[in-house]
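Notes for the one structure printed next.
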Amino acid sequence: MEDGGLRFEPLGSHHLPLRRRFRCGDETLDVYLRSKRAWQDQAQDLAAVWVIHDPARNRIAGYYTLSGFYIQRRLLPEEHREGTTRYEEYPATLLGRLARDLEYAKQKIGERLLLDALKRALDAAGVVASYAVVVDAGAPEVEGFYQYYGFERLETEQHDRRYYLPMASIRQLFQ
Ligand SMILES: CC(C)(COP(=O)(O)OP(=O)(O)OC[C@H]1O[C@@H](n2cnc3c(N)ncnc32)[C@H](O)[C@@H]1OP(=O)(O)O)[C@@H](O)C(=O)NCCC(=O)NCCS
């Protein structure tokens, strides 16, 4: 997917020199990309790392990670459990990290990162099933971003700000 010259690419060796300039305002997410963690996670099949590359400025404008995950059926609201198979755990896709560089604010890069991630998760779910995309909002002020795109809260002991979006809703989004 490509728009305005920015393009989505899997994290590659040609991006490595560009990482140190990345700054999204969340230190943990900056360090993840700038350190060798992102590169190692990808090499060890622990996370697929996608960057949005700006060839004009040779910068990384943003990135996200996707990994296999699961959610417990009992945590889903009644309306999402009704009539569904009683497996204890459902397969899911973790959108583990999502961040755009501060220099690309107010350019809808966050939206593009999220929609690209959802589309990739949907395509992958056609090969290996996934019931939903799960995110852990890093900070309270980011919850609004995911709620804005229809993500619903998943009450769990595992994370204070966990949200999910059923694949059925994502499929509708791209129809
Ligand atoms: C969260 C983040 C990715 C959003 O990216 P962005 O480029 O600012 O967002 P966009 O400009 O694409 O915004 C798209 C829409 O979401 C809304 N939105 C963005 N951030 C929001 C927030 N925190 N709360 C509520 N709505 C938000 C925007 O108002 C916009 O709505 P509009 O279409 O009505 O104009 C970005 O702020 C970021 O990288 N933050 C630091 C890292 C981080 O916290 N990532 C999330 C980790 S879980």
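Scan LEU165, LEU115 and give me the residue that is more than 7 Å from the ligand (Cβ to nearest atom), surrounded by fewer than 19 Cβ atoms within 10 Å (Cβ to Cβ) and under 25 Å from ARG7 (Cβ atoms). Show your work before the answer.
Working: LEU165 fails: surrounded by fewer than 19 Cβ atoms within 10 Å (Cβ to Cβ).
Going through LEU165, LEU115 in turn, just one is more than 7 Å from the ligand (Cβ to nearest atom), surrounded by fewer than 19 Cβ atoms within 10 Å (Cβ to Cβ) and under 25 Å from ARG7 (Cβ atoms): LEU115.
I need the full set of residues from the stretch 118-131 which are touching a residue at least 60 places away in the same chain (Cβ under 8 Å) and within 16 Å of the ligand (Cβ to nearest atom), in order please.
Correct list: LYS119 only.
For THR93, only one of the following conditions fails: (1) under 24 Å from GLU155 (Cα atoms); (2) within 16 Å of the ligand (Cβ to nearest atom); (3) touching a Lys or Arg at 6+ places or on another chain (Cβ under 8 Å). What is its number?
(3)
Hey, could you check the stretch 147-162 for residues that are touching a helix residue (DSSP H, G or I) at 6+ places or on another chain (Cβ under 8 Å) and within 9 Å of the ligand (Cβ to nearest atom) and say which is nearest to LEU76 (Cα to Cα)?
ARG161
Please verify whether GLY144 is under 17 Å from the mean Cα position of the chain (by Cα), near the ligand (Cβ under 7 Å from one of its atoms) and modelled with pLDDT of 95 or more, treating the condition exactly as stated. Please lay out each step first, then the result.
Values: under 17 Å from the mean Cα position of the chain (by Cα): yes; near the ligand (Cβ under 7 Å from one of its atoms): yes; modelled with pLDDT of 95 or more: yes.
So GLY144 fits the description; yes.
Considering only the stretch 17-73, how many residues are under 22 Å from LEU115 (Cα atoms), within 11 Å of the ligand (Cβ to nearest atom) and out of contact with any strand residue (DSSP E or B) (no Cβ under 7 Å at 6 or more places or on another chain)?
Residues flagged as under 22 Å from LEU115 (Cα atoms), within 11 Å of the ligand (Cβ to nearest atom) and out of contact with any strand residue (DSSP E or B) (no Cβ under 7 Å at 6 or more places or on another chain) within the stretch 17-73 amount to 3.
Test ASP160 against the stated conditions and say whether it is open to solvent by 40 Å² or more (accessible area, probe 1.4 Å) and at pLDDT 95 or above. Reasoning before the result, please.
Details: open to solvent by 40 Å² or more (accessible area, probe 1.4 Å): yes; at pLDDT 95 or above: no.
When the stated conditions are applied, ASP160 does not pass them.
Is it the case that GLY138 is within 14 Å of the ligand (Cβ to nearest atom), open to solvent by 40 Å² or more (accessible area, probe 1.4 Å) and of a type in the set (Gly, Ala, Ser)? If you could, list the steps in order and put the result at the bottom.
Working: within 14 Å of the ligand (Cβ to nearest atom): yes; open to solvent by 40 Å² or more (accessible area, probe 1.4 Å): yes; of a type in the set (Gly, Ala, Ser): yes.
Here the answer is yes, as GLY138 does meet what is asked.
Can you tell me how many residues in the stretch 83-107 are of a type outside the set (A, V, I, L, M), surrounded by 12 or more Cβ atoms within 10 Å (Cβ to Cβ) and within 30 Å of ARG57 (Cα to Cα)?
So the count comes out to 7.
Give the stretch 141-155 a look and list any residue that's open to solvent by 20 Å² or more (accessible area, probe 1.4 Å) and farther than 19 Å from GLU89 by Cα, or say none. Full working, then the answer.
Taking the stretch 141-155 as the starting set, the residues that turn out to be open to solvent by 20 Å² or more (accessible area, probe 1.4 Å) are 141-145, 147-150, 152-153, 155.
Residues satisfying the conditions are GLU141, VAL142, GLU143, GLY144, PHE145, GLN147, TYR148, TYR149, GLY150.
Does any residue in the stretch 106-117 that is over 13 Å from THR65 (Cα atoms) come within less than 9 Å, Cβ to Cβ, of a residue that is among the charged types (D, E, K, R) six or more places away or on a different chain, and which pairs are these?
Between residues of the stretch 106-117 that are over 13 Å from THR65 (Cα atoms) and residues that are among the charged types (D, E, K, R), the close pairs are GLN107/ARG100; ILE109/ARG100; ILE109/ASP101; GLY110/ARG100; ARG112/ASP3; ARG112/ARG100.
Every residue, every condition in (1) outside any loop (DSSP other than H, G, I, E, B); (2) among the small types (Gly, Ala, Ser); (3) at pLDDT 95 or above, yes or no:
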| site | (1), (2), (3) |
| --- | --- |
| GLU9 | yes, no, yes |
| LEU16 | yes, no, no |
| LEU33 | yes, no, yes |
| ASP41 | yes, no, yes |
| LEU46 | no, no, yes |
| VAL49 | yes, no, yes |
| ILE52 | yes, no, yes |
| GLY62 | yes, yes, yes |
| LEU66 | yes, no, yes |
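The values are calculated or read from the model by the stated rules, or taken from the named source; none is laboratory data. Only a predicted model underlies this, so the values are computations on that prediction, with no experimental measurement involved. Virtual Cβ from ideal backbone geometry, glycine too; neighbours counted across all protein chains shown. Just the protein is used for accessible areas: all its heavy atoms, side chains included, with ligands, DNA and RNA removed. Shrake-Rupley method; radii C 1.70, N 1.55, O 1.52, S 1.80 Å.
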